[in-house]
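Student: For reference, the structure I am asking about is given below.
The values are calculated or read from the model by the stated rules, or taken from the named source; none is laboratory data. Values in this document were obtained by computation on a predicted structure and should not be read as measured data. Cβ atoms come from the backbone with ideal geometry, glycine included; neighbour counts cover every protein chain shown.
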Amino acid sequence: MGHSFSKDFFNNKFLSEKLEAEYVNFEIPDLNDLPTIVKTQKNLYGLNVTTPYKEKIIPMLDEMDSCAKEIGAVNVIKFTRSKDKVRLKGFNSDWKAFALTLEGLLKPNHRKALILGTGGASKAVAYALKSLGIEYLFVSRTGKDGALTYEDLDVNVIEDYSIIINSTPQGMYPNVNNYPPIPYEYLTDKNLLYDLLYNPEKTVFMIKGEAQGAQTKNGLEMLLLQAIIGWQIWND
């Protein structure tokens, strides 16, 4: 979540803490290249994992913490090195960051949520909603088990599931004119729209929601919090 953000955030953090360390981006076209990077980069002690690798990376880990295991997605990896051996442990900081940023926005009618998308980010969102006691349903373009399709979203669903979370890349820079195909005309001031995207700052998903009076939130604060949680994981 945020290649340039993470690099700037953590390198500034290293400077402020007076630590001789550097945060480097690894653009990996093939996940099978990861073991080589781990083997050759002897000073590597942690990684952030971005989409689309949050689920695919799991088989390469030695262990996962209980939350990441239940979620089924990892975005933080901590290395433990001893002699020539290295163990990789996976964590998920997304769920807690999302829960913390959503909790303060909730109103009494916000008891059910629609999660747009079924990827790794959506799994962290679902785990967070569960921790907050909020019922949820997934929405996908194709009819997956236990998920609605966008065609299923009528006025009754939008009214009942008043929180709508976009965990898809629809609307992310540079494709800023894209947006999830929900029936925006049914939104009211009772709805809360949360977009995990932060670039652009205000997506079409949010703009269309605000035009109907809905409350909106982007993913920038969540991005910052998950980075802080990742820092705590690496320094625990």
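Student: Take Ile115 and decide whether it is assigned by TED's automatic domain parsing to the domain that holds Lys202, in a strand (DSSP E or B) and in contact with a Ser or Thr (Cβ under 6 Å, 6 or more places away or on another chain). Walk me through it before giving the result.
Tutor: Details: assigned by TED's automatic domain parsing to the domain that holds Lys202: yes; in a strand (DSSP E or B): yes; in contact with a Ser or Thr (Cβ under 6 Å, 6 or more places away or on another chain): yes.
It is true that Ile115 is assigned by TED's automatic domain parsing to the domain that holds Lys202, in a strand (DSSP E or B) and in contact with a Ser or Thr (Cβ under 6 Å, 6 or more places away or on another chain).
Let's see how each residue does on (1) assigned by TED's automatic domain parsing to the domain that holds Lys7; (2) at pLDDT below 95; (3) under 25 Å from Val74 (Cβ atoms); (4) in contact with a Leu (Cβ under 7 Å, 6 or more places away or on another chain):
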site: Ser167; (1), (2), (3), (4): no, no, yes, yes
site: Tyr179; (1), (2), (3), (4): no, no, no, no
site: Met206; (1), (2), (3), (4): no, no, no, yes
site: Gly209; (1), (2), (3), (4): no, no, no, yes
site: Gln212; (1), (2), (3), (4): no, no, no, yes
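Student: For a quick check of your reading: which strands (runs of 3 or more DSSP E) sit entirely within the range 142-220 and have at least 2 residues that are without any contact (Cβ under 8 Å) to a residue 60 or more places away in the chain?
Tutor: In the range 142-220, the matching strands (runs of 3 or more DSSP E) lie at 147-149, 163-166, 192-195.
Student: Select from the range 34-51 the residues that are surrounded by fewer than 12 Cβ atoms within 10 Å (Cβ to Cβ) and not polar (S, T, N, Q) and list them in ascending order.
Tutor: Listed by number, the residues that qualify are Pro35, Lys39, Lys42.
Student: Shifting gears a bit: How many of the residues in the range 106-127 are of a type in the set (D, E, K, R), surrounded by 15 or more Cβ atoms within 10 Å (Cβ to Cβ) and more than 13 Å from Leu196 (Cβ to Cβ)?
Tutor: Qualifying residue count for the region: 2.
Student: Name the single residue that is farthest from the chain's Cα centre (by Cα) among those in the range 215-236 being surrounded by fewer than 21 Cβ atoms within 10 Å (Cβ to Cβ) and under 17 Å from Ala113 (Cβ atoms).
Tutor: Selected residue: Gln215.
Student: Which helices (runs of 4 or more DSSP H) sit wholly inside the range 1-103 and have at least 3 residues that are under 21 Å from Tyr198 (Cα atoms)?
Tutor: Working: elements: 3-16, 34-40, 66-71, 94-103.
Ranges flagged: 3-16, 94-103.
Student: Let me ask something else about it. Give just the number: which of (1) outside the structural domain of Lys7 (by TED's automatic domain parsing); (2) surrounded by 15 or more Cβ atoms within 10 Å (Cβ to Cβ) does Pro183 not satisfy?
Tutor: (2)
Student: Give me a count of the residues in the range 118-136 that are closer than 21 Å to Ile182 by Cβ, among the hydrophobic types (A, V, I, L, M, F, W, C) and outside any helix (DSSP H, G or I).
Tutor: Total meeting the criteria: 1.
Student: A further question follows. For the range 70-86, what are the residues that are within 16 Å of Asn43 (Cβ to Cβ) and of a type outside the set (Asp, Glu)?
Tutor: Answer for the range 70-86, where residues must be within 16 Å of Asn43 (Cβ to Cβ) and of a type outside the set (Asp, Glu): Ile77, Lys78, Phe79, Thr80, Arg81, Ser82, Lys83, Lys85, Val86.
Student: Another question, then. Name the residues in the range 92-105 that are surrounded by 15 or more Cβ atoms within 10 Å (Cβ to Cβ) and not small (Gly, Ala, Ser), would you? Can you show your working first?
Tutor: If we filter the range 92-105 for residues that are surrounded by 15 or more Cβ atoms within 10 Å (Cβ to Cβ), which is where we start, we get 92-102.
Those that are surrounded by 15 or more Cβ atoms within 10 Å (Cβ to Cβ) and not small (Gly, Ala, Ser): Asn92, Asp94, Trp95, Lys96, Phe98, Leu100, Thr101, Leu102.
Student: I've got another one for you. Would you say Lys130 is without any contact (Cβ under 8 Å) to a residue 12 or more places away in the chain, under 16 Å from the mean Cα position of the chain (by Cα) and either crowded, with 16+ Cβ neighbours inside 10 Å or more than 19 Å from Leu223 (Cα to Cα) (or both)? Working first, answer last.
Tutor: On the way: without any contact (Cβ under 8 Å) to a residue 12 or more places away in the chain: yes; under 16 Å from the mean Cα position of the chain (by Cα): yes; either crowded, with 16+ Cβ neighbours inside 10 Å or more than 19 Å from Leu223 (Cα to Cα) (or both): yes.
Answer is yes for this residue.
Student: What do you reckon, is Ile229 of a type outside the set (Gly, Ala, Ser), in a helix (DSSP H, G or I) and in the same structural domain as Leu19 (by TED's automatic domain parsing)?
Tutor: yes
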